[in-house]
Every structure is written in structure tokens, then in C-alpha cells.
Amino acid sequence: MWPRLVANKILRKRLGSNNFVADFPCNKEIPSLDRPSLSPNSIFNHHKDTHNYRIFVSTWNVGGVAPPEDLDIEDLLDTGNTSCEIYVLGFQEIVPLSASNVLGSENSKVSMKWNSLIRRALNNKKKPHCLDKIQHSNEERNKNIPGQDFRCIISKQMVGILITVWVRSYLCPYIRYPSVSCIGCGIMGCLGNKGSVSVRFRLHETSFCFVCSHLASGGRQGDEKLRNANVSEIFSRTSFPRGPSLDLPRKILDHDRVIFLGDLNYRISLPESNVRLLVDERDWKSLLENDQLRMELMNGQFEGWNEGSIQFAPTYKYRPNSDVYYGCFHQSKKGEKKRAPAWCDRIIWYGKGLKQHDYDRGEENFSDHRPVKAIFTAEVGVLHSLKQFQSVFLSERFDRITSQTDDFVCKGRSSFQI
């Protein structure tokens, strides 16, 4: 007990840091000519409209391997066939497990490399974003070409967990109160090799929260209780600032739109031989009937949450750079542990106002996990009387961390002023 208490006291401030990286210092003042009148009529005579925005979400445990130089992340983002306004990418194990990493030091070079790949893929002018069947929002139709490039509004790393959020630049003025919350649930119940990084922001009048997590591993009977305990800790300990008007949600489930993604590590409660046989037969229905997360969704830690229909093969555990599951009888080595295939990597959501259109996996294979991706439309409330306001994306302090990538570190509580 005492080691855990001491570690919590020493490390909580470091792991729970609310600093994050963004593309730009968002305290830029708006010229006075652009400010609308603050007359009572303009303030109080308004009504809320609803816009739909497309959101791409992905999660990928990359197994402690830095992204290869020739990695084409456009295949994962599917930018040639799908056009979204917001991209949320979560990663786990972006750095290998080591003493210095577990204690909370961050290898920012790796996260910068991932962000560089994402920026290049999203803003590839030679490969324009195609329009899919999901209806475009009113603002995108009005904006047409200007403001279609993507900017990073939040990027946060805790040990091996990284979440990075990108939006089309014309939406940046309408994003307020960005914030992060980090929870370590790893060694001694508090270190950052396991846990979550949660990010939140408000788009127009609707609050969003995305939770990128890496839960306790293990395929033995009873290990799911450790994962459930992690989830309970994440929900209870994650907290965000209330904002200058004290009206912002503090807890994860208090937000309007909530998506939970990551290597959740839930397994299939069947003997390994049965799992492998059903995987060979592609009998996903029988496997999912014994999937631990599905059980939690029905009556457990995730009761009331939603997950789309799974029509793809288990995403774990593969031999890197192959399409062969780890531990297959014809590929296994003497004495090595066998790990039954499982859908460890998942994306689920909570509440109303989100509609999932696609739920699939990618086939990038340099890790022992396959990435998982989903596309949603989110309903967002827009106040008509405030449409002319260019909401300012503010923070108390922004320190430029590099002139080459034009990234900034955002420190302290975010605030909003007109």
C-alpha cells in the first residue's frame, strides 16, 4: 500500500499534466470590425440549429515500434474515399516499455513523427479527399475550398499512449476550452504504462470527450476484472476544468458526445483451441457471444455504451510483418507463450447524437495488432445569434516548442473571451 501511495504522490502531477501540443497559439485577437454587435437583440434573440459533422476515429497499438519511413498512413485514414471534418487518432505503445518510460518521461520525438505522418496524409494536395455518402454539413458547403486543410488542435502523450485530434481549419475558430486529463493505472496501480489520456473540447455549443486507453493485459480467467478496475479508475479520476463560467462538464460521461477507444485488452472467454478453430472458420458470431467486452456492454462497466457490428477478424495477436496469428501450431516456437486471437482493439460510444457509419480494421502489419477505425456523424448545436462570432481558442500560456513543425505547447486551463 505505502509504495503505491508514495508513487501516486510523486507521479500524479507528472502523469496528470494538462499541457498539450497544438498547431498554433490560439490567443490571436479578432479585429474589432469582425465583432458582431452585443445589443440585447443579438444576444438573447437566438435559437439553436443542428449541424452534422463527420468524425474519423482510429486506435492502434503499434507494439513499441517507431513508424517506418515508408509508412503510408493514408491507407488507414482512407482519405481517397472518405471525407471527414474531424480526425481522432489514438495509439498505444508508441515507445517500448522501459523504466524511464514507465516513470512518465515522454519521448516527444516519436509522437512528433506520428503527427508529421498524419499531417502529410491529411493535407496531401495530390490526393484530394473524396466525398462519401454521408451528408456534408452546412458550413462545409458554404466554405467550399478555403479552410479545408487540417490543423492539430490537441496532441497529448502519456508514456506509450498518444491521442491526437485534427480538424479542418475553418472549424478552428469555433473550438473552445480544449483540455486533457491523464490517468495512470499501470504498475502499482498508478504508473503510466497503462491508463488513459482523455481530451475534451467544445465545438460550437456541443462538448466532446475522447478517451484513449490501454487497459490491463492478460488472457487468464479473472484478468478481465483488472480491466474493469482500470475502467472504474478512469471514470472516477478523470477530471477537466470547469472553465471561466464554471459551466463546462468535469467528468467523462457529463459531455454531450463521448467516444472511448484503445487497446481495451478484453479477450474471448473460450479455450484457446476453440477460439482458433472458430477464427479459422470465421465464425465471428460464436466468438462474439463469448467476448468479454460485449458482456460488459450488456451488464457491466460499460453498461449503456454502444458498439457497432464487428464484421472483421480479431485484431490481436499477430506475428509482426505477417498475416499469421501468434502461436499457431505450425509457426510456434518451443517454449513460447501462446495468445489466443482476440478483438483487443475497440471503439465504443456513449449517449445520443452520434451515429456510426463504418467500423472496420486496417491491414497495416508491422505491429502485433491491427488498427481499428470507425466513422461517425455527430450532431452539433449551433446558436444562430452567435454565428458571426469568431470564437477564440485561448489558453493562458502557449510556448512554441519547435519552429520547424509550428507546434505549440498549451499550458494551464483554457479560457474563452469575446
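The values are calculated or read from the model by the stated rules, or taken from the named source; none is laboratory data. Quantities reported herein were computed from a predicted structural model and do not represent experimental measurements. No Cβ is skipped: glycine too gets one built from the backbone with ideal geometry, and neighbour counts run over all protein chains shown. With ligands, DNA and RNA removed, areas are computed over all heavy atoms of the protein, side chains included. Shrake-Rupley method; radii C 1.70, N 1.55, O 1.52, S 1.80 Å.
Loop-resident trypsin sites (Lys or Arg not before Pro) (DSSP state other than H, G, I, E or B) in the range 148-228 with no more than 14 further Cβ atoms inside 10 Å of their Cβ: Arg220. Applied to the range 56-68, the Karplus parametrisation 6.51 cos²θ - 1.76 cosθ + 1.60 on θ = phi - 60° returns per-residue 3J(HN,Hα) values of 9, 10, 9, 9, 7, 8, 9, x, x, 9, 5, x, x Hz, with x for Gly and Pro.
Accessible surface comparison of Asp49, Asp291, probe 1.4 Å, protein chains only, largest first: the order is Asp49, Asp291. Note on the range 230-376: dipole from Cβ charges, positive end direction compared against Gln356, Gln311, Pro249; the farthest Cα belongs to Pro249. In this view, the solvent-accessible surface of Asp75, computed with a 1.4 Å probe and all protein chains in place, comes to about 90 Å².
Let me check something: with ligands and nucleic acids excluded, how do Met158, Met295 order by accessible area (1.4 Å probe), largest to smallest?
Values: Met158 0, Met295 75 Å².
Ranked from most to least accessible, the order is Met295, Met158.
These residues, Glu69, Glu93, go from largest to smallest accessible area, 1.4 Å probe, as Glu69, Glu93. When nucleic acids and ligands are ignored and a 1.4 Å probe is applied, Leu270 ends up with an accessible area of around 50 Å².
Scanning residues 5 or more positions from Ser367 or on other chains, those with amide H under 5 Å from its amide H are Asn321, with H placed 1.01 Å from N in the peptide plane.
When the surface is traced with a 1.4 Å probe over the full set of protein chains, Leu277 keeps roughly 100 Å² accessible.
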